[in-house]
Every structure is written in structure tokens, then in C-alpha cells.
Amino acid sequence: MLRVFVLFAFLQLADLGSTVAVLRCGGTEQNPLIQQLMILGPIQGIIVAKVMALAVGAGCYWAAKPRVLRVANLVFGGIVLWNLTILARLF
């Protein structure tokens, strides 16, 4: 279970880094929730979203919900791959 949560945390960091890279290369954020958080500032909004995601992930870890974390890992893995494809198109 700990490995699943560690992977979740890693994917959150990868999403943060890849999203920031996309924004710096001229891309835009498409998630409406994150767009609302970006009122705080582009980077600050994404950081707040990642902190919230990590809090939810920690709650799943402590509640022993590995299936939820595994599904989230698949989703965030896909998001990171999507961000990387966007980066490749922007170069």
C-alpha cells in the first residue's frame, strides 16, 4: 500500500512539473477547477491543487483504500503523458 501512495505522490510531482513546463512554453490549463485556483497565480494555483490532491491521497492511504489510489495513479499517469505530448508539440 505504501508503494501505491509513493507512486501517487511521485505522479503529483510529475504532473506539477509537466504542467508548469507546458504553461511556460505557452500552453494553457484545461481543467476548470485548476483554472479557478490559478487566480492565486499560475504556479501557486497548481501547487494548491497538488497539496489538495496529496491530502486526499493521504486520506485514502490512511483509510486503506488502495484501489482508489491505483485508479488515481492510472489517471494521473495519463495526465502526465498527455502533458508530455503537449510539450513535444510546443517545441
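The values are calculated or read from the model by the stated rules, or taken from the named source; none is laboratory data. Treat the numbers as computed from the prediction; the structure is a model and nothing was measured. With ideal geometry, Cβ positions are generated from the backbone for all residues, glycine too; neighbour counts draw on all protein chains shown.
Here are the numbers for this structure:
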{"item": "Region 7-24 residues that are farther than 16 Å from Val48 by Cα and hydroxyl-bearing (Ser, Thr, Tyr), paired with ones that are modelled with pLDDT of 95 or more and in a helix (DSSP H, G or I) (beta carbon under 8 Å, 6 or more apart)", "result": "none"}
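Listed here are the residues, each with its yes/no results for (1) of a type in the set (D, E, K, R); (2) closer than 22 Å to Leu84 by Cβ.
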| site | (1), (2) |
| --- | --- |
| Asn31 | no, yes |
| Ile34 | no, yes |
| Leu40 | no, no |
| Val56 | no, no |
| Gly59 | no, no |
| Arg70 | yes, yes |
